[in-house]
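Student: Just dropping this structure here.
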Amino acid sequence: MSARNQMRAMVDQLMGTGRNGETSRYQVQFNDQKVCKSFLLYCCPHDTLSSTRMDIGECPKLHDNALRADFKKAQQKFDHYYDVDATEHLKAFISNCDRRAEGARKRLLETQEELTAEVAEKANAVHELAEKIGKKLAKAEELGAQGLVDDSLKLMGEIEDLQKKKKEAQDIYKNAMPKSSYLRKQLRVCDVCSAYLGVHDSDQRLIDHFGGKLHLGFVEIREKLSELEKNYEERHEARRKFYEQERYKRDDKRSHRSKSGDQNEHHRRSRSRSRHSRHCSRSHSRSQTHKHDRRDRDRRRY
Ligand SMILES: [Zn+2]
Ligand SMILES: [Zn+2]
C-alpha cells in the first residue's frame, strides 16, 4: 500500500464515511447486507489468512475501514448484535475446514500403509511431542525477538527435555515396525490448520509450522469462535426479542397513525373511489371506442 493510501485508510478508520462530505464515495452503509459483519468485528477469516499458503482470496462481502468506524459509532447508540452473525460466519468457515481435513485424513489412510492400533499409538506419541516442541520453539523465538531473553532461555530448557522424550518415543516407534515402513513418510493432518505434518519433520520445520502465519491464523480464528460461542445462544435470543419489539413498535405506530388519520382516510378513500369510478368509466369508454375501431377495420377489410 502506498503511503498516501495508508494515510487515507488511517483517516477512514478514525473518521468514518462522513468526512469531507465524502458520502458519495460510499454507495452502501455499514448495515447493508453487502458489508462483512465479521470484518466490522475484526475477525473475518479472509483477512486473518491473507497471504498464507491457504490464501482463501478476497472476502465476497465488503471490507471498508470507514464503514467500520461508522459501525463503532452506531453500536455505541444501540446494540446491533453483529456478533451473532460473526459467530455463524466463523462457525460455517471452521466446520467447512474441518470437513476438508477429515477428507484429507481419509485419503491418507487410503494411501498410507495402515498401522496397527498399537503402532499408531506410538506414532501418535511422537506427533504429540513434536507438536509441543514446535509450539514452544515458535514461542521461544517470539520471546527472543521481543528481547525477553530469560523467558526464552527457560523455554529452551523445557524444549530440551521434550526433545529427549521425543527421541525415545521415536526409537520405540521405529522398533515397533519393519524398517521399510518406518522409512516411508508417515504424515498426519494438523488438527488446527489441516496442513500435513510428518513424523520425521525437523525442528526447523516444526517452528515454521507452529509459528507460521497459517497455523497461527487458524489458532486465532478458533479462539475467536470459541469466545463468541460462549454467548451465542443468549445473544441470539436477545436479538430475536429485539427484532420482535421493533416490529411491535412499528405496528403500533402504524395502527396509531391509521386511527388518528381515520377522518382523512375516509375522505381520501371516498375521493379515490370517485377517481376510480371515473377511471373505470373512462377505460370503459375507451374499450368501447376500440371495439368501434375494430368493427370499422373489419368492415373495411371485407
Ligand atoms: Zn469478510
Ligand atoms: Zn497447523
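Student: Where in region 1-93 are there helices (runs of 4 or more DSSP H), lying fully within it, with 1 or more residues that are within 16 Å of ligand 1 (Cβ to nearest atom), closer than 22 Å to Gly217 by Cβ and at pLDDT 80 or above? It would help to see each step written out before you state the result.
Tutor: On the way: elements: 3-15, 37-40, 45-48, 65-77.
Qualifying helices (runs of 4 or more DSSP H): 37-40, 45-48, 65-77.
Student: Condition first: exposed (fewer than 12 other Cβ atoms within 10 Å of the Cβ) and more than 30 Å from Asn175 (Cβ to Cβ). Now tell me which residues in region 104-146 satisfy that.
Tutor: Hits for region 104-146 are Ala145, Gln146.
Student: Check Asp151 against each of (1) in a helix (DSSP H, G or I); (2) surrounded by 17 or more Cβ atoms within 10 Å (Cβ to Cβ); (3) among the acidic types (Asp, Glu) and name the one condition it does not meet.
Tutor: The number of the failed condition is (2).
Student: If you take the residues of region 189-243 that are away from ligand 1 (no atom under 16 Å from the Cβ) and among the basic types (Lys, Arg), which of them is farthest from the chain's Cα centre (by Cα)?
Tutor: Across region 189-243, the extreme among qualifying residues is Arg205.
Student: Can you confirm whether region 119-126 contains a residue that is of a type outside the set (Phe, Trp, Tyr), free of Cβ contacts under 8 Å to residues at least 24 places away in the same chain, assigned to a loop (DSSP other than H, G, I, E, B) and out of contact with any helix residue (DSSP H, G or I) (no Cβ under 7 Å at 6 or more places or on another chain)?
Tutor: No, region 119-126 contains no residue that is of a type outside the set (Phe, Trp, Tyr), free of Cβ contacts under 8 Å to residues at least 24 places away in the same chain, assigned to a loop (DSSP other than H, G, I, E, B) and out of contact with any helix residue (DSSP H, G or I) (no Cβ under 7 Å at 6 or more places or on another chain).
Student: Pick out the one residue from Arg254, Arg222, Arg205, Arg247 that is at pLDDT 95 or above and either out of contact with any Lys or Arg (no Cβ under 7 Å at 6 or more places or on another chain) or surrounded by 14 or more Cβ atoms within 10 Å (Cβ to Cβ) (or both). Talk me through it step by step, then tell me what you get.
Tutor: On the way: Arg254 fails: at pLDDT 95 or above; Arg205 fails: at pLDDT 95 or above; Arg247 fails: at pLDDT 95 or above.
Going through Arg254, Arg222, Arg205, Arg247 in turn, just one is at pLDDT 95 or above and either out of contact with any Lys or Arg (no Cβ under 7 Å at 6 or more places or on another chain) or surrounded by 14 or more Cβ atoms within 10 Å (Cβ to Cβ) (or both): Arg222.
The values are calculated or read from the model by the stated rules, or taken from the named source; none is laboratory data. These figures come from a predicted structure and were not determined experimentally. FYI the Cβ positions are ideal-geometry reconstructions off the backbone, even for glycines, and counts take in every protein chain you see.
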